[in-house]
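Heads up: the structure comes next, in structure tokens.
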Amino acid sequence: MARPPRPGWLPERLFFYSMLISDLFRLAAKGSAAAALLLLSFTASAQNAGRPRLGLKTGLMLSRLTGNDVDQLGGENYRTRTDGRRPDFFVSLASTIPLSSTGVFTVAPELSFSRKGYRMTNTSLTTTGLEAGESQRVLLVKRRLNYLELPLAFRVNTNGGLYFELGPQVSYLIGSQTETETTRTFADGREATTTNSTASSTSDVQAFDFGAIGGMGFQHRSGLTMGLRYSRGFKTVIERDALPGKPITNNDAIVVQVGYLLQLGK
């Protein structure tokens with residue numbers, strides 16, 4: 001036979017469920033308040049970013065050439081190895097222009113002077129073209145490519161000053177410098193090393209490049225800005241007709257940025 005419920009069972013259950021429902025309502029209220037505060041904070045931050053800014057940026061440029069045909073840059077008689085990214089710098093006149101009244105979406109046009117380039121080692125595979133008695137030649141090439149660049153980043157600004165950006169970039173070559181260290185090995189074991197520099201050889205490089213940029217950063221209301229950006233060129237850098245095999249190579253750079261952008265207007 002079923003046991004009858006003990007006295008006081010129903011009131012205890014009702015009290016338990018009423019307390020549970022009360023706790024759930026309190027948690028919902030706290031969550032709504034937190035969400036409202038977050039929304040207000042986001043709106044305030046976006047409104048602070050809702051005016052144009054203008055300033056300067058500089059930083060570290062880590063560049064290289066990339067592409068499936070990079071190993072052909074030395075020509076058919078050489079084996080080419082790229083030697084990582086070449087460190088240098090950039091400086092730019094930078095701005096941000098809001099695309100909405102809240103400043104959540106902005107466009108960030110810049111005019112930059114960028115020192116890109118690459119490093120590679122070419123090792124001869126045959127003695128064709130070498131001096132008499134020379135058994136091998138190794139060329140260590142360090143090349144700097146100076147560009148005027150127009151990046152146009154479209155940004156999404158989040159709460160606290162963090163932003164994400166993506167956009168196109170146009171580059172114009174204004175100069176080049178190449179340093180070549182040549183190491184010759186002779187059949188009798190002798191070695192002779194010489195260094196040659198070419199100040200303005202741009203005849204084998206495309207004058208224009210078109211590519212894309214993407215990255216993220218931080219823009220403080222005081223004007224301080226920091227960011228990390230990746231850029232990639234879509235056009236081949238070295239003139240294809242300048243080398244056998246007509247290799248396709250592209251600019252590839254990682255950019256570490258710091259700067260200060262003043263807010264314009266009141």
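Read the figures in this text as sums done on the coordinates, not as results from a lab. Remember, predicted model here, so these are calculated numbers, not experimental data. Here Cβ is always computed from backbone atoms with ideal geometry, including for glycine, and neighbour counts include all displayed protein chains.
Return the FRET efficiency for the residue pair D204, L228: r is the Cβ-Cβ distance, R0 is 25 Å, and the value is rounded to the nearest 0.05. If you can, show how the numbers build up before the last one.
Values: r = 32 Å, r/R0 = 1.26.
For D204 and L228, the calculated efficiency is 0.20.
Grab the Cα-Cα distance for L264 and D241, subtract it from 0.36 nm times how many residues apart they are, and report the gain in nm with one decimal. Could you put the intermediate results ahead of the total?
Working: separation 23, 0.36 × 23 = 8.28 nm, distance 4.87 nm.
Here the answer is 3.4 nm.
Can you pull the one-decimal nm distance between simple spin-label points at T182 and L56, each 7 Å off the Cα toward Cβ?
Distance between the two pseudo-spin positions: 4.1 nm.
Count neighbours as other Cβ atoms within 10 Å of each site's Cβ, and list the GluC sites (Glu not before Pro) in the stretch 164-251 that are DSSP loop with at most 15 such neighbours.
E239
Tell me, what is a quarter of the convex hull surface for the C-alpha atoms of the stretch 88-243, in nm² with one decimal? Kindly include the intermediate steps, with their values, before the conclusion.
Working: hull surface 48.0 nm².
Hull-based average projected area comes out at 12.0 nm².
For the stretch 79-139, what log10 I(q)/I(0) values come out of the Debye formula at q = 0.12 1/Å, with one point per alpha carbon and no solvent?
-0.59
Taking the Cα centroid of the stretch 204-245 and of the stretch 111-151, what is the distance between the two, rounded to the nearest whole Å?
20 Å
Please sort by residue number the trypsin sites (Lys or Arg not before Pro) in the stretch 184-224 whose DSSP state is loop and whose Cβ has at most 11 other Cβ atoms within 10 Å.
On the way: sites: R184, R190, R221; in loops: R190, R221.
Passing sites in the stretch 184-224 are R190, R221.
Between N122, T195, F164, whose Cα lies farthest towards the positive end of the dipole of the stretch 96-212 when Lys and Arg beta carbons carry +1 and Asp and Glu beta carbons carry -1, centred on the Cα centre?
The listed residue farthest towards the positive side: F164.
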